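Q: My questions all concern the structure below.
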Amino acid sequence: MSVTGAGDGADLIVVNGRVLTMDGDNPAAEAVAVKDGAIIALGSSTAIEEFKGSGTKVIDAKGGSVIPGFIEAHMHLFGGAAELDNLHLAGVRGFDALRDSIQAYAAKRPNAKLLVGAGVDYAILPEPVTRHHLDRIIADRPFAMSASDHHTMWANTKALEEAGLLHGKQVGPGNEIVMGADGLASGELREGEAFGPILEFYGQNRTRLGLAGEEPHPYPSADELAADRDLMHRGLEWCARHGITSIQNMDGNLYQLELLAGLEQEGRLLCRTQIPFHFKNFMGLDALEKASMMASTYKSEWLSSGMVKVFYDGVLDSWTAVMVEPYADRPDWVGEPLFSPEHFAQVAVEADRRGLQIAVHSIGDGAVRAVLDGYEAARKANGKRDSRHRIEHIEVTTEADVPRFAELDVIASMQPPHPPGALNFPLEPTLSRIGRKKWPLSYAWRTLKTAGARVVFASDWPVSPVDPILGIQAAVLRRPWAEGDPDQSFSLQESLAAYTVEGAYAEFAENRKGRLKPGYLADLVVLSADIEKTAPEALHTVRPVTTICGGKVTYQA
C-alpha cells in the first residue's frame, strides 16, 4: 500500500509486525503510523519508517501479530475489579480442597469484615452445599462464596445471622432464600435479592449497585470515592493488560460514570467505556428519563452511555433461567421470569421510542423468545430504525426463534468461555438441566451466524476470565457434546472479528474502530507471536505485549 504525508512525524509507529487489519480492502501490512490518537498510515516497515520524527515512539513488533484493540462487549468492570482480591475457587473440588483454600485465605486476612470466595462450581461438593458444610470449615467469621455465574451464593451461619437472613426473608420473583428442613435458611441464596443483604451488611455493595439499578446512599465520602476510583482503575489496568481498548459494561448507574469521569480528568481512563442504565422490574417507565439523561450527558469517544440493560431471567444451573418447555431434570418447572412478557414489551417500546439501545440478559429459550417479542413490539409501535438491540447470552434457543435475530436486526451477544466444557465450566449439572433434545440449539453461535445474525463475543468478566485470547481459543476449539450435533465453532478470523469488528458494530462505531485503517481511532494490540501461525491448542500462549488506546500505550509487558 502506498503511504502519504511521510515526514510529518508520527507520534508512534509500530514496525516489523504481522498487521491483521480486519479491513477487507487492505487485509495485511507490516507497520502502522499513529498521530493525534488516530491511525494515519499502514504499509511496509520501510514505508512507515518515513513517518519517524525526532519525538516518534517506535515499537518493534518482532514479527508478532498487530491487531485492532479488543472490544469487550459484555463485562462487569466494577465488580470484576473488586473480585481481583477475592478467594478464587474455580476448579476446586471436594470438601478437603475447599476447606484448605478457605482456611489459608482467612489466615492471610485476619481483619476482613467478610471473607468472600468466587468462581465456585455448582458441583464443588457431591451434595448441595449448605451453611453446615461452611460452618465446619469456618464458623467464627462471616464467609460467603458465589458461583462462577454470580447468580447463587452460599453463606455460613454467622454471615446469614448477622445479615438477617437466617430465618428467611421475602424476596421478589426469580429470587430465593432456600430454606432447610429445620425451618432456617440452608445457606443457598439464589439471585441478587437473596444474597444482596449480606454484601450490603458488610459494606461490599457499592460495586454491585449497578446490577440493582441503584445509586449509593448515603453518597460516599471523599476517601470512599478515591478508593472506588482506584478500584475502577485497577480493573481498567487488568483489561488493558489483556489487550482490551473498549468496554461495553453490562451493569451501570450514574455513580460508575462519575467514577470513570474522575479517572478521565486524572488521565487514568485506560479503556473507552460504555456504562448502561440498569432497568429493574420494580421501576416505572418514567425511570427511563434517567437513562436518557445519562445518554445525553455522557457521549464522548472515551465515556458514553445510551444503553438500557435488563435482566429477563437467571441461569440454568439454579433453574432460574426461563424455558419454553420444562427443565429436563425438573419436569414441573420452566423458571420464573423477572418480567412478564407484557411488562418487558412496555419497557422495550418506551426505551426504543427514546432512541436508546437495549441489552437483555436472556439465558433460557423462553426468555429469548419473550425478548424478541418485545423488540418486535417496539418496532411495530415506533417504526423500524437502526436500533441494534441486543440479547445477552442466548444459552438455549429454539428453531423458530433463530431466524428472528436477522429479521429484527437483533445482535446476538455471546460468550465463548461459557459453554460447559469450553473453558472453566464443568459439563454438569448444565447439560442435564438443558436435556439432550436441546443440545443442538444451545450456545448456538454458528447456527445464529449462518441464519444472518450479527454475533459479538465477550467474556462476561468476572464470570469468566477477561482474556479475549482465551475466548478465541474456546471458540475455535468448541466441539459438540454428542455425535451428530451441529458444529458451533468459529474460525480464528471469525473469532477475531467477533472481538473487534462486531464489537464496534454493537456500539455504532464501525466507521471508526474495530479495524486498522487510516482515519480510525488508534486502538491496537501488539501480540507476542503470529496468532495466525499458532496452533489452536496453543493460542493461550500468545500474549499482549503492548496495548495502545487512542495512540497512548496503556499496557507494556
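Q: Go through 455, 154, 118 and say which Cα lies farthest out towards the positive end of the charge dipole of the chain; charges sit on Cβ, +1 for Lys and Arg, -1 for Asp and Glu.
A: Checking the options against the dipole of the chain, the answer is 455.
Q: Using the charge dipole of region 77-212 (Lys, Arg: +1 at Cβ; Asp, Glu: -1 at Cβ; taken about the Cα centre), state which of 197, 107, 128 has its Cα farthest towards the positive end.
A: Projecting each Cα onto the dipole axis, the largest value belongs to 107.
Q: Of the DSSP beta bridges with both residues in region 77-212, give the percent that are antiparallel, rounding to the nearest 5.
A: 60 percent
Q: Quote the relative contact order of region 221-506 in percent (integer), defining contacts as alpha-carbon pairs under 8 Å separated by 6+ residues.
A: 13 percent
Q: Considering only DSSP beta bridges where both residues belong to the chain, give the percentage that are antiparallel (nearest 5).
A: Taking every DSSP beta bridge within the chain, about 45 percent pair in antiparallel fashion.
Q: Which far-off residues, 5 or more places away or on another chain, put their amide H under 5 Å from the one on residue 456, with H placed in the peptide plane?
A: Those lying under 5 Å, H to H, from residue 456 are 412, 413, 414.
Q: Full-extension gain between residue 227 and residue 109, please, as 0.36 nm times their residue separation minus the C-alpha to C-alpha distance.
A: Between residue 227 and residue 109, full extension yields an extra 40.6 nm.
Q: On to the next question. Distance check, please: which entries in 113/158; 62/552; 52/513; 57/517 exceed 22 angstrom between their Cα atoms?
A: 52/513
Q: From the phi of every residue in region 387-395, what ³J(HN,Hα) in whole Hz does the Karplus formula 6.51 cos²θ - 1.76 cosθ + 1.60 yield, where θ is phi - 60° and glycine or proline is x?
A: Along region 387-395, the couplings run 8, 6, 4, 10, 10, 9, 5, 6, 6 Hz.
Q: Further question: Under the 0.36 nm per residue contour assumption, what length would be gained going from the current alpha-carbon distance of residue 286 and residue 386 to full extension?
A: Separation in residues times 0.36 nm, less the Cα-Cα distance, equals 33.7 nm.
Q: Turning to a different aspect of this structure: For residue 427 and residue 398, what does the FRET efficiency come to when R0 = 22 Å and r is the distance between their Cβ atoms, rounded to the nearest 0.05?
A: Between residue 427 and residue 398 the formula returns 0.50.
Q: Now a separate question. Taking amide hydrogens as modeled 1.01 Å from N in the peptide plane, which residues meet the under 5 Å criterion relative to residue 35, leaving out close sequence neighbours?
A: Sorted by chain and number, the residues that satisfy this are 11, 40.
Q: Further, regarding this structure: Counting only DSSP beta bridges with both residues in region 221-506, tell me the antiparallel percent, nearest 5.
A: Restricted to region 221-506, the bridges split so that about 10 percent are antiparallel.
Q: Starting from the amide H of residue 168, placed 1.01 Å from N in the peptide plane, find each other amide H under 5 Å away whose residue is 5 or more places distant or on another chain.
A: Correct list: 185.
Q: With a/c under 1.5 counting as rounded, go ahead and sort region 77-212 into rounded, prolate or oblate using the C-alpha gyration tensor (a ≥ b ≥ c being the square roots of the eigenvalues; past the cut-off, prolate if a/b is larger than b/c, else oblate).
A: It is rounded, given that a/c, with a ≥ b ≥ c, falls under 1.5.
Q: Under the Karplus relation 6.51 cos²θ - 1.76 cosθ + 1.60, θ = phi - 60°, what is the ordered set of whole-Hz ³J(HN,Hα) values for region 83-93, x standing for Gly and Pro?
A: 7, 4, 9, 6, 6, 8, 10, 4, x, 6, 9
Here, each number is a calculation from the coordinates, and none is a lab measurement. Worth saying up front: this structure is predicted, and the values here are computed from it rather than measured. With ideal geometry, Cβ positions are generated from the backbone for all residues, glycine too; neighbour counts draw on all protein chains shown.
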